[in-house]
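Student: Pasting a structure below so you can have a look.
The values are calculated or read from the model by the stated rules, or taken from the named source; none is laboratory data. Computed from a predicted model, the values in this text were never measured in an experiment. Note that we place each Cβ from the backbone using ideal geometry, even for glycine, and neighbour counts take in every protein chain shown.
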Amino acid sequence: MSEQKIVLVTGANKGIGYEIAAGLGALGWSVGVGARDGQRRDTAVEKLRAAGVDAFGVPLDVTDDASVAAAVEVVTERAGRLDVLVNNAAVTGGMPQHPTTVDLAAVQLAVETNVLGVIRVTNAMLPLLRRSASPRIVNMSSSVGSLTRQTSSAGADVIGPLSAAYSPSKTFLNAVTIQYAKELRDTPILINAGCPGFVATDLNGHRGVRTPEQGAAVAIRLATLPDGGPTGEFFEDAGVVPW
């Protein structure tokens, strides 16, 4: 029998993150439910276990060094390695975000969570990922971070609303993903960005048109890429997203 895969999903207590955890758990994986809200985290773990998933809670605030270090200890004690990291936790920073009037605190919050949080967690988990035979990193991005789409003549349903915090933070995340792929290209680690589409979640006030389960599909696909698969690329369900 093959060894059970171990995955950590950040922001996994609800929405897309929860469905990523559920989808990978249904494959027989052991799933770390990363979340900073203890009650919601425990509820998510209980729900996943009731569905037959081997789930465990990981207290995790991606903006806090000490919390991330403690999360490493939890995963180390649980499994001694990590096969897949899904960086899903994100914030919008609050709306509206017109560039001329945006609150700089909103920009700072979006970058701190959506970019620096990903770097912080990824770097902390890398030693555990290097112990895996086929490590994968999935950064949950958004097509509104695509500069090609932002500069197109498409409507707001494609390029999103004016955004001086959230969209640029995802552009930043995409660029960081490329840099990781370049540095890690001679290792077994595959790292890619994935867009879930416009999903109805708390992040957008449930205005999205897709379900969290549909949004989770791209992350599950990237988490289960075969050896030699793509790295440093940006995907949605329909295929590659232009940078």
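Student: Restricted to the stretch 4-44, and to residues that are of a type in the set (G, A, S) and part of a strand (DSSP E or B), which residue is farthest from L129 (Cα to Cα)? Working first, answer last.
Tutor: Restricting attention to the stretch 4-44, the residues satisfying the condition of being of a type in the set (G, A, S) are 11-12, 15, 17, 21-23, 25-26, 28, 30, 32, 34-35, 38, 44.
Then drop every residue that is not part of a strand (DSSP E or B), which leaves 30, 32, 34-35.
Numbers: S30: 15, G32: 14, G34: 16, A35: 20 Å.
Ranking the candidates gives A35 first.
Student: Pairs, please: C-beta under 6 Å, at least 6 apart or cross-chain, first residue over 24 Å from P127 (Cβ atoms) and in the stretch 167-196, second in a helix (DSSP H, G or I) and of a type outside the set (A, V, I, L, M, F, W, C)?
Tutor: Going by the 6 Å Cβ cut-off, the qualifying pairs are S167/G145; S169/N114; K170/G145; T171/G145; N174/G145; C195/S143; P196/G215.
Student: State whether one or more residues within the stretch 58-71 are of a type in the set (A, V, I, L, M, F, W, C), part of a strand (DSSP E or B) and under 23 Å from L222 (Cβ atoms). Show your work before the answer.
Tutor: Our first condition is that a residue be of a type in the set (A, V, I, L, M, F, W, C); within the stretch 58-71, this holds for 58, 60, 62, 66, 68-71.
Checking which are part of a strand (DSSP E or B) leaves us with 58.
When the remaining residues are screened for being under 23 Å from L222 (Cβ atoms), the result is 58.
So far as the stretch 58-71 goes, yes, one or more of its residues are of a type in the set (A, V, I, L, M, F, W, C), part of a strand (DSSP E or B) and under 23 Å from L222 (Cβ atoms).
Student: Take G80 and decide whether it is assigned to a strand (DSSP E or B) and of a type outside the set (A, V, I, L, M, F, W, C).
Tutor: Spelling it out, it is not the case that G80 is assigned to a strand (DSSP E or B) and of a type outside the set (A, V, I, L, M, F, W, C).
Student: Follow-up question, since we're still on this one. Could you tell me which numbered condition V58 fails, if it satisfies all but one of (1) in contact (Cβ under 8 Å) with a residue 40 or more places away in the chain; (2) surrounded by 17 or more Cβ atoms within 10 Å (Cβ to Cβ); (3) more than 19 Å from I16 (Cβ to Cβ)?
Tutor: (3)
Student: Only one residue in T76, T10 is under 20 Å from R221 (Cβ atoms), polar (S, T, N, Q) and modelled with pLDDT of 95 or more. Which one? Reasoning before the result, please.
Tutor: On the way: T76 fails: under 20 Å from R221 (Cβ atoms).
Answer to the check: T10.
Student: What do you reckon, is N139 closer than 25 Å to R221 by Cα and in contact with a Ser or Thr (Cβ under 7 Å, 6 or more places away or on another chain)? Reasoning before the result, please.
Tutor: Details: closer than 25 Å to R221 by Cα: yes; in contact with a Ser or Thr (Cβ under 7 Å, 6 or more places away or on another chain): yes.
It is true that N139 is closer than 25 Å to R221 by Cα and in contact with a Ser or Thr (Cβ under 7 Å, 6 or more places away or on another chain).
Student: Any idea which of (1) assigned to a loop (DSSP other than H, G, I, E, B); (2) at pLDDT below 95; (3) under 25 Å from I191 (Cα atoms); (4) not small (G, A, S) is the one R149 doesn't satisfy?
Tutor: Every condition holds for R149 apart from (1).
Student: Restricting to the stretch 210-243, give me the number of residues that are in contact with a strand residue (DSSP E or B) (Cβ under 6 Å, 6 or more places away or on another chain), loosely packed, with under 15 Cβ neighbours inside 10 Å and not small (G, A, S).
Tutor: 0
Student: Right, here's the next one. Tell me, yes or no, whether the stretch 94-102 has at least one residue that is of a type in the set (G, A, S) and modelled with pLDDT of 95 or more.
Tutor: no
Student: Evaluate the following for V91: is it under 25 Å from A22 (Cβ atoms) and part of a loop (DSSP other than H, G, I, E, B)? Reasoning before the result, please.
Tutor: Details: under 25 Å from A22 (Cβ atoms): yes; part of a loop (DSSP other than H, G, I, E, B): yes.
Considered against the rule, which asks whether it is under 25 Å from A22 (Cβ atoms) and part of a loop (DSSP other than H, G, I, E, B), V91 comes out as yes.
Student: Scan the stretch 232-243 and report the pairs whose first residue is on the phi > 0 side of the Ramachandran plot and outside any strand (DSSP E or B) and whose second residue is surrounded by 15 or more Cβ atoms within 10 Å (Cβ to Cβ) and modelled with pLDDT of 95 or more, with Cβ atoms within less than 8 Å and a gap of 6+ or a chain change.
Tutor: G232/T177; G232/I178; G232/Y180; G232/A181; G232/I191; G232/N192
Student: Tally up the residues in the stretch 1-29 that are surrounded by fewer than 19 Cβ atoms within 10 Å (Cβ to Cβ), farther than 20 Å from C195 by Cβ and in contact (Cβ under 8 Å) with a residue 24 or more places away in the chain, please. Lay out the reasoning, then the answer.
Tutor: Here is the first cut: in the stretch 1-29, the residues surrounded by fewer than 19 Cβ atoms within 10 Å (Cβ to Cβ) are 1-4, 14, 26-28.
Add one more test, that the residue is farther than 20 Å from C195 by Cβ, and what stays is 1-4, 26-28.
Among the residues that remain, those that are also in contact (Cβ under 8 Å) with a residue 24 or more places away in the chain are: 4, 26-28.
Adding up the residues that qualify gives 4.
Student: Looking for whichever is part of a strand (DSSP E or B), within 20 Å of A69 (Cβ to Cβ), free of Cβ contacts under 8 Å to residues at least 60 places away in the same chain and not polar (S, T, N, Q) here; the options are I137, I119. Which one fits?
Tutor: From the options I137, I119, the qualifying one is I137.
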